[in-house]
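Below is one structure, written out as structure tokens; the observations come after it.
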Amino acid sequence: PTPSPSPTVSLLPDSEFPITFLVARSLIDGGAAPVIAELHNVAQGLPVLKVDITKDEARLTALTPDNQVVSYAWRDGSITKVDSDIQYLAQATFDPADYPLDNVARMFDVADLRGVRGTTQSLQIVEYRAGEVLMTVTSRPETSTVFFRKDGTAVTTLGYTSVADITAGLEEVVGDGTALYGIGFNPTRGYWADLTDDEPGVVLSRSRVGGVPVFETRRSETPAVATFSPDLLQPAAIAQAIARYQATPDQSCDVTVDMSHGRFAPVARYDCAGTVRFTDMAGRDMTDLVGSG
């Protein structure tokens, strides 16, 4: 939930700026954490909407008690009040102290290795989609975007054939879920799972596409299919079945696992370029038992 701004905050008057704040290291070499902490201090600890960090400048945008935004920037040892580049539209807020800003150099290096090759790299912490705050590294001019988790590890782009990728993808969309209506993956949709929710009559859907973190949505629905435990999934068996059913090693398959066939255990369906096969959870072919549809 979005923190509520304190109603007693008194911001510094414009006449107090600029404020001198010197750090021993550059922003990307350990200086970002103390600079952002001081910017947040200047903002009186208000809930933060956005943080921007480049090798030369750090900027923090916070939400005031009357739902206005205020921004402060640090550059060359000086803090100034600046115009904000965002409006408050009920975005989620956060505490920048919860993010690993002492590792900016490493995140920039990882982003560079993954194709973020513009002239100026920029780390941002901001709401990416409804209620979800994410950390990204982009560049100007923009080449690509690399997402980072809250612990500073990069979100990888998963494939759809290896045991390691299938294991990681299924684990991420299952998360803490204990009962699945269905789960699957293909290169277009990515990894996905439909799970039971704490609220009756609601389906919790998780998806993980490309190099973007898992995204959750909920919808009102009571599926007709039975649920099953994610503990029954065997990624190695699924990977072996894909290898068996592929026409070529680089062919992609659309894989779905659910209870729709009315058997005592879930069945995996593999659609490889229109050729459909089925297996049980151990990877044993059961196409003749289930059918070809």
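Could you grab me the full set of residues in the stretch 217-233 that are touching a residue at least 40 places away in the same chain (Cβ under 8 Å) and either buried (at least 19 other Cβ atoms within 10 Å of the Cβ) or farther than 20 Å from Val276 by Cβ (or both)?
Those that are touching a residue at least 40 places away in the same chain (Cβ under 8 Å) and either buried (at least 19 other Cβ atoms within 10 Å of the Cβ) or farther than 20 Å from Val276 by Cβ (or both): Pro223, Thr227, Phe228, Ser229, Pro230, Leu232, Leu233.
Using the structure shown, decide if Ala241 is at pLDDT 95 or above, part of a loop (DSSP other than H, G, I, E, B) and more than 30 Å from Arg114 (Cβ to Cβ).
no
With respect to Ala247, determine if the residue is out of contact with any Cys (no Cβ under 6 Å at 6 or more places or on another chain) and in a loop (DSSP other than H, G, I, E, B).
yes
In the stretch 106-131, what count of residues is obtained for those that are within 24 Å of Ala62 (Cβ to Cβ) and aromatic (Phe, Trp, Tyr)?
1
Table: residues versus (1) within 22 Å of Val163 (Cβ to Cβ); (2) surrounded by 15 or more Cβ atoms within 10 Å (Cβ to Cβ).
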| site | (1), (2) |
| --- | --- |
| Arg189 | yes, no |
| Gly210 | yes, no |
| Pro235 | yes, yes |
| Gln246 | yes, yes |
| Ser260 | no, yes |
| Val267 | yes, yes |
| Phe278 | yes, yes |
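Which residues, counting only those in the stretch 250-270, are out of contact with any Cys (no Cβ under 6 Å at 6 or more places or on another chain) and assigned to a strand (DSSP E or B)?
Result: Asp254, Val255, Thr256, Val257, Asp258, Val267, Ala268, Arg269.
Quick check on this structure: which one of Gly190, Gly201 is out of contact with any Pro (no Cβ under 7 Å at 6 or more places or on another chain), at pLDDT 95 or above and on the phi > 0 side of the Ramachandran plot?
Gly190
Scan the stretch 274-285 residue by residue and report those that are modelled with pLDDT of 95 or more and in a loop (DSSP other than H, G, I, E, B).
Answer for the stretch 274-285, where residues must be modelled with pLDDT of 95 or more and in a loop (DSSP other than H, G, I, E, B): Asp280, Met281, Ala282, Gly283, Arg284.
Show the residue pairs meeting these rules: Cβ distance below 7 Å; 6+ apart or different chains; first residue within the stretch 38-50 and closer than 18 Å to Leu123 by Cβ; second residue among the small types (Gly, Ala, Ser).
Correct list of pairs: Leu39/Ala58; Val48/Ala62; Leu49/Ala62.
Quick test of your reading of the structure: Gly262 fulfils all but one of (1) out of contact with any Gly (no Cβ under 9 Å at 6 or more places or on another chain); (2) on the phi < 0 side of the Ramachandran plot; (3) free of Cβ contacts under 8 Å to residues at least 40 places away in the same chain. Name the failing condition by number.
Of the numbered conditions (1) out of contact with any Gly (no Cβ under 9 Å at 6 or more places or on another chain); (2) on the phi < 0 side of the Ramachandran plot; (3) free of Cβ contacts under 8 Å to residues at least 40 places away in the same chain, the odd one out for Gly262 is (2).
Collect the residues in the stretch 136-155 that are of a type outside the set (Val, Ile, Thr), closer than 17 Å to Gly115 by Cβ and within 12 Å of the chain's Cα centre (by Cα), keeping them in residue-number order.
Of everything in the stretch 136-155, those that are of a type outside the set (Val, Ile, Thr), closer than 17 Å to Gly115 by Cβ and within 12 Å of the chain's Cα centre (by Cα) turn out to be Phe147, Phe148, Ala154.
Yes or no, residue by residue, for (1) aromatic (Phe, Trp, Tyr); (2) modelled with pLDDT of 95 or more; (3) buried (at least 18 other Cβ atoms within 10 Å of the Cβ):
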site: Tyr128; (1), (2), (3): yes, no, yes
site: Thr153; (1), (2), (3): no, no, no
site: Val173; (1), (2), (3): no, yes, yes
site: Ala179; (1), (2), (3): no, yes, no
site: Phe185; (1), (2), (3): yes, yes, yes
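Every residue, every condition in (1) under 25 Å from Pro47 (Cβ atoms); (2) free of Cβ contacts under 8 Å to residues at least 24 places away in the same chain; (3) out of contact with any Gly (no Cβ under 8 Å at 6 or more places or on another chain), yes or no:
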position	(1), (2), (3)
Gln68	yes, yes, yes
Ser71	yes, yes, yes
Gly77	no, no, yes
Thr80	yes, no, yes
Asp83	yes, yes, yes
Tyr88	yes, no, yes
Thr93	yes, no, yes
Asp102	yes, no, no
Asp109	no, yes, yes
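Could you count how many residues in the stretch 11-39 are in a helix (DSSP H, G or I), within 19 Å of Val70 (Cα to Cα) and either at pLDDT 95 or above or in contact with an Asp or Glu (Cβ under 9 Å, 6 or more places away or on another chain) (or both)?
Residues in the stretch 11-39 being in a helix (DSSP H, G or I), within 19 Å of Val70 (Cα to Cα) and either at pLDDT 95 or above or in contact with an Asp or Glu (Cβ under 9 Å, 6 or more places away or on another chain) (or both): 5 in total.
The values are calculated or read from the model by the stated rules, or taken from the named source; none is laboratory data. What you are looking at is a predicted structure, and each value in this text was computed from that prediction instead of being measured. All Cβ positions, glycine included, derive from the backbone under ideal geometry; neighbour counts span all protein chains shown.
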